[in-house]
1. Round to a whole angstrom and tell me the spacing of the C-alpha centers of the range B:24-76 and the range A:12-27.
2. Starting with the fewest neighbours, write out A:162, A:174 ranked by other beta-carbon atoms found within 10 Å of each beta-carbon.
3. Considering only A:165, A:70, A:103, give the residue with the highest GNM mean-square fluctuation for chain A, with springs between Cα atoms whenever their separation is below 10 Å.
4. Eigenvalues of the Cα gyration tensor times 5, then square-rooted: what semi-axes does that give for chain B, in whole angstrom, largest first?
5. Taking 0.36 nm per intervening residue step and subtracting the Cα-Cα distance, what contour gain separates residue B:17 from residue B:54 on full extension?
6. Give me A:172, B:149 sorted ascending by neighbouring Cβ count inside 10 Å, so fewest comes first.
7. Looking only at B:198, B:87, B:27, which one moves most when chain B is put into a Gaussian network model with springs between Cα atoms under 10 Å?
8. Sort all Cα-Cα distances of the range A:115-194 into consecutive 5 angstrom bins from zero, then give the percent of pairs in each bin up to the one containing the longest distance.
């Protein structure tokens, strides 16, 4: 161990990082490069070999030629602008899921954070209760919503079907209804996460500002509009982008509550095709990664050095 | 949701009117009422699904499909539907049956074993990295942190195809973009390795960022003092800095444990059949109720309650750690 003492700081730093490099190299970097490589090859007509097709798989995805490999009549890009066609498109359904769920999670999370920011008796317990959904395993979250909405015991389906929000029968196999339920399930689970991030922003606000506002005669609403909201806006921005990235990966909740043929998210399509159509599957995986990468680049450019 | 402020117009006299009068003079009272109303609303929406699980779990199997869970109540001659589902009968036997039909305890044990192994690996590797990023200045530091951050943003779907092929162990691993074979990996599907490896890489970045923050806050003097006493460099990390950052280490451990326990994607793909003997974690246990015992909704609910208990206890015990870890770690990320 003597030699370790004589290394320079830089040498020592890189030595200690070797395990990280090995682990991320095996489990992240190698698979990523290999996925890209696979996405450039396609199975030959007689299934015996794979041929280099360059960007062919990507072109096929965007022209709709690859749609025949996707399960359940799913398309990659929408084939029209009706609700059915939009929800049948893997790309659109994933984006709708991400945008709608993150929007509501932000609003509800903001509400929860404003509650948790107050001082009151039993705050600790209320906070634990609000965090619990975040800690529920995805498979159990899925089971909960499966049990609340399935057509045999789900007591929530009839009243919501009366309002026209859900299909009255076969609810979990109806694309629009299942998408709605999955979005609700995600909002239930993840709002608490948003609440905690926003709460951190709230608690960094200088309390003196509110004393000044009170002396100046500002109402609670004015205090929120002129002090709280502008000061937590950067935090909300980071939290929204962070959550959007995670929402784009949605898979488990769909698999448990409904099925990948009913709600075709991008990750679902990768899993459904990867044993039979490697090239197509890898291309979808890489497009997903590219979309997320674009969002993240946006975050880093916008936040600058603070993002790290 | 009926708040006192909603109903104030309907009442003409009595205590409500007095409350309204005083509320007009003192707007803080209205805010207080709104605050409690919102709090109750959030509590009900977050906790109601668990109540529904309990209702289903204690309802005897024969009563599950007959009648409604929303009973009709007759109150002073006015009948209406009670807005809250109640159990149709009471039979807690489902909590025993749930372990008999499927060895659910073995699935949970698998989940625990996977989560603990991953946590130990992550804590060790992330401690080294946290020390480097938090305490050493060297060229390439910012770039490396950015790289680790970038990798943590990629979706698991972008890793799964080559990993599945490698863990299947059928063909040698080649260097990407060439056909030079490196080695043929052993078959690892249905073993802990095929899940622990992806989990470790997936959840390590968050722990690295948490530990970087905590290790960076330990004063240099303490480390120097330990070195003067004759500790090695590595010894200083594991005997001085890590114990002094115990809250940070606990935070990283709790978050990693919960993340692995909750993981779905790799858990469902790398354990190819939902059998406890093949290292399938609770994902497989719960799903086998959904696929094999399709109408025994009371068992599905009971299994979900049993499966969720460990994390609920963990949240109640360690909530301070979770809150500080999520806010410091995730906002950094």
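1. 51
2. So the ranking, lowest neighbour count to highest, is A:162, A:174.
3. Sorting by GNM fluctuation, first place goes to A:165.
4. Semi-axes (√(5λ), whole Å): 47, 34, 17.
5. 9.3 nm
6. Sorted ascending by nearby Cβ count, the order is B:149, A:172.
7. Taking springs between Cα atoms under 10 Å, the residue moving most is B:27.
8. Histogram of Cα-Cα distances, whole percents per bin: 3, 15, 21, 18, 13, 12, 9, 6, 2, 0.
Read-outs throughout are calculated quantities, based only on the coordinates presented, and are distinct from any laboratory measurement. Since we're looking at a predicted model, the values are computed, not measured. When we count neighbours, we look across all protein chains shown, and the Cβ atoms used for this are built from the backbone with ideal geometry, even at glycine.
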